[in-house]
Amino acid sequence: MKFGKILCAILLLLPAFCIVLLLSQTAFAKSTYLINDGGKVLIHATYATDPEAILTEAGLTLGEDDTYTTEPGQMMQEITIQRKQTVTILQGDKKLEVASYGETVESLINRLGLILTKSDALSVPMDTMTSDGLVITISRSHRMEQTYS
């Protein structure tokens with residue numbers, strides 16, 4: 001009789017134990033992340049799910065103005081870090097320092113609402129990717145015609 005009660009208790013508790021075991025494996029599953037930090041790419045496996053904790057575990061620190069994006073990849077989650085870049089634009093005697101997070105010069109010019117004319121020339125091609133410390137000089141040529149009578 002005693003053996004029957006023990007067997008009954010085991011049979012009742014076994015499914016509950018299995019469910020708890022399966023749920024704990026799902027909750028504490030190790031995930032792999034592909035982290036892209038500019039030209040530096042690394043793969044990091046962790047139990048963490050918070051991107052900032054993952055970056056800290058991977059030995060990466062974000063600056064005050066740095067940002068990141070997350071997205072599901074084909075094989076693993078991806079975290080892309082966008083580091084703040086300071087770009088200087090010179091036009092005549094005007095100097096403008098702006099923040100960029102990796103975009104083309106054309107995109108930066110458009111985002112800032114700068115209007116270039118056909119007579120304007122840039123010191124770098126429009127498809128150049130911005131980088132920290134990049135200096136863009138906008139030169140405006142003036143055409144003057146003189147007529148003599």
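Brief remarks on what is shown
- Stretch in the chain that is longest and holds no trypsin sites (Lys or Arg not before Pro) that DSSP places in a loop and that have at most 11 other beta carbons within 10 Å: 31-117
- Percent accessible area from carbon and sulfur atoms, region 46-102, protein chains only, probe 1.4 Å: 47
- With each label modelled as a point 7 angstrom along the Cα→C-beta vector, the T56-Y101 pair spans 2.1 nm.
- Spin-label model, Y47 to K5: label points 7 Å out along the Cα-to-beta-carbon direction sit 3.8 nm apart.
- Amide proton proximity set for K84, modelled H, under 5 Å, gap of 5+: D66, T67
- In this structure, T80 and K118 have a Cβ-Cβ separation that, at R0 = 41 Å, corresponds to a calculated FRET efficiency of about 0.65.
- Backbone N under 13 Å from the S141 label point (7 Å along Cα→Cβ), restricted to region 89-120: 118-120
- For region 64-149: Kirkwood Rh in Å [reciprocal of mean 1/r, alpha carbons]: 15.3
- Antiparallel content of DSSP bridges confined to the chain, in %, to 5: 75
The values are calculated or read from the model by the stated rules, or taken from the named source; none is laboratory data. Since the structure is predicted, the reported quantities are computational estimates derived from the model, not experimental observations. Counting neighbours? That spans all protein chains shown, and the Cβs are built from the backbone with ideal geometry, glycine included. The protein model used for the area step is the full one, side chains on, heavy atoms only, and it has no ligands, DNA or RNA in it. Shrake-Rupley method; radii C 1.70, N 1.55, O 1.52, S 1.80 Å.
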